[in-house]
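What follows is a short report on a single structure.
The values are calculated or read from the model by the stated rules, or taken from the named source; none is laboratory data. If you're wondering where the values come from, they're calculated on a predicted model, not measured in any experiment. FYI the Cβ positions are ideal-geometry reconstructions off the backbone, even for glycines, and counts take in every protein chain you see. All accessible areas refer to the heavy atoms of the entire protein, side chains included, with ligands and DNA or RNA removed. Shrake-Rupley method; radii C 1.70, N 1.55, O 1.52, S 1.80 Å.
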Amino acid sequence: MALDAPTTPSSFFSPWPDRLRHSAIILLAAALSLSVLVGLDELSPIRAAVVFACIAAAALVPWRLHNAVTSREDVRLGNPVEAAAVSALVAGMPDPAVLLDRAGRVIHLNAAAAQLAPALRKNELAQFALRSPEIIVALREAIATTEPRRATYLDHVPVDRWMELIITPVPVPTTFGGTDKCMLMTFHDQTPLRRVEEMRADFVANASHELRTPLAALSGFIDTLQGPAKDDAKARERFLAIMHTQATRMARLIDDLLSLSRVELSAHVRPDTMVDIVPIIRQVADGLEPLARERQVVVEIDLPEGPVAIAGDREELLRVFENLIENALKYGASGGRIVVSLTLAPSSEGAPEVRVMVRDFGPGIAPEHLPRLTERFYRVDVGDSRAQGGTGLGLSLVKHILNRHRARLVIESVPKNGAAFTACFPQPRTPAAS
């Protein structure tokens with residue numbers, strides 16, 4: 001209950017006509033009732049006048065009791081934490097951010113947080129929307145102790161991402177001049193750092209394993225050229241040719257390892273640029289025409305006349321089709337031809353997708369090898385693969401690039417009847433080629 005602040009005489013008397021109008025019925029009823037009591041000798045005129053004066057004072061004097069009692073909604077809207085400025089600050093944070101009250105209800109959240117956890121709703125408990133046990137434990141501890149908390153968890157949807165949650169208690173003013181603690185939750189994507197660490201470890205392990213053989217060969221040939229074959233021109237020419245082959249293989253291996261690492265580093269970021277896939281396939285086929293002539297293989301292209309657009313990275317898509325077509329030319333050359341085709345068809349879930357198939361008519365692949373073809377350094381025939389200049393990373397690189405594009409690789413093969421590798425890309429509903 002509060003009195004109005006001191007006012008000037010004009011402001012004090014200005015609301016009297018309104019008060020009198022609103023209180024007229026009360027004053028009239030009080031006057032009639034007191035008059036009846038005086039007429040029945042139940043009340044003396046003086047006492048009746050005193051009672052009427054009290055009633056009139058209560059009705060007319062500018063007490064603001066009715067404005068002092070505010071609704072819960074008014075209190076909420078008047079809370080400084082609910083202000084538009086606080087909402088703008090949270091919305092402007094680059095990382096996903098959620099501001100909670102002391103009970104754990106969502107006060108504000110930005111667009112990044114809404115995308116990370118679509119179940120988050122304003123004025124609802126955050127524990128119901130964030131299902132990860134690490135998040136719930138950290139949040140409960142932060143609310144109970146009002147101390148900062150950190151948690152790291154693995155988010156599996158839509159792709160694996162390592163996230164770090166930081167909960168920071170924030171002192172905020174209350175409606176009545178006090179202070180309270182809110183909880184500011186910020187999420188930081190640690191996936192790039194994790195992938196850099198994994199990339200470094202994988203690169204060292206894979207490079208040391210695969211580079212050992214060509215390095216040993218180079219070292220042996222150098223020792224031979226410096227020793228017994230020092231003056232043998234024919235042996236020197238033969239050894240230098242082998243050394244050139246081994247050096248080329250090492251360079252390609254390192255290039256494939258670096259490409260694979262770069263793709264893995266950005267696997268959680270889906271490309272959003274629209275590209276026309278038809279000229280990309282034609283460019284790759286034209287570039288591999290010399291290899292096709294060398295292997296005496298006919299490349300048959302079956303592509304639509306018009307553009308076919310997908311969301312993708314042009315350079316990575318070039319690498320995908322280059323690997324698939326080159327593999328068909330190298331390992332399916334005995335069939336004499338390969339077919340590269342593009343079709344539009346619904347997926348098993350009914351969503352439209354773009355399918356690019358590279359089929360050869362060579363010896364095919366035994367069924368036991370099919371599940372492992374996309375593993376790093378897995379080879380059906382190690383000797384043949386190395387003789388063809390393969391690094392064992394081509395299909396692994398294809399798989400990772402397709403995963404980044406939210407696409408899939410389907411491998412079908414029947415021994416002695418060739419193999420078909422099909423890259424299936426989700427088709428946008430309103431494609432527009434870039």
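Worth pointing out:
- The set of residues from region 320-359 being open to solvent by 50 Å² or more (accessible area, probe 1.4 Å) and assigned to a helix (DSSP H, G or I) comprises Glu322, Tyr331, Ser334.
- Among the candidates Asp272, Asp276, the residue that is touching a strand residue (DSSP E or B) at 6+ places or on another chain (Cβ under 6 Å), modelled with pLDDT under 90 and farther than 27 Å from Phe361 by Cα is uniquely Asp272.
- Every test in (1) under 24 Å from Leu393 (Cβ atoms); (2) open to solvent by 70 Å² or more (accessible area, probe 1.4 Å); (3) modelled with pLDDT under 90 is passed by Ser261 save one, and that test is (2).
- Listed by first and then second residue, the pairs with beta-carbon distance under 7 Å, at least 6 apart or on different chains, first residue in region 294-308 and touching a residue at least 24 places away in the same chain (Cβ under 8 Å), second surrounded by fewer than 16 Cβ atoms within 10 Å (Cβ to Cβ) and of a type in the set (A, V, I, L, M, F, W, C), are Pro307/Ala433.
- Of the listed requirements (1) more than 16 Å from His108 (Cβ to Cβ); (2) touching a Lys or Arg at 6+ places or on another chain (Cβ under 9 Å); (3) modelled with pLDDT under 85, Ala129 misses just one: (1).
Conditions (1) over 20 Å from Gly394 (Cβ atoms); (2) outside any loop (DSSP other than H, G, I, E, B); (3) open to solvent by less than 30 Å² (accessible area, probe 1.4 Å), marked per residue:
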site: Leu193; (1), (2), (3): yes, yes, no
site: Phe221; (1), (2), (3): yes, yes, no
site: Pro228; (1), (2), (3): yes, no, no
site: Leu240; (1), (2), (3): yes, yes, no
site: Asp255; (1), (2), (3): no, yes, no
site: Asp286; (1), (2), (3): no, yes, no
site: Glu300; (1), (2), (3): yes, yes, no
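- All of Ile242, Ile280 fail the test of being of a type in the set (Val, Ile, Thr) and free of Cβ contacts under 8 Å to residues at least 40 places away in the same chain, apart from Ile242.
- Test: residue in region 151-163 that is more than 23 Å from Pro192 (Cα to Cα) and not small (Gly, Ala, Ser): no
- Filter pass, Ala251 being more than 26 Å from Tyr378 (Cα to Cα), loosely packed, with under 12 Cβ neighbours inside 10 Å and at pLDDT 80 or above: no
- Some residue of region 200-209 being at pLDDT 80 or above and open to solvent by less than 40 Å² (accessible area, probe 1.4 Å): no
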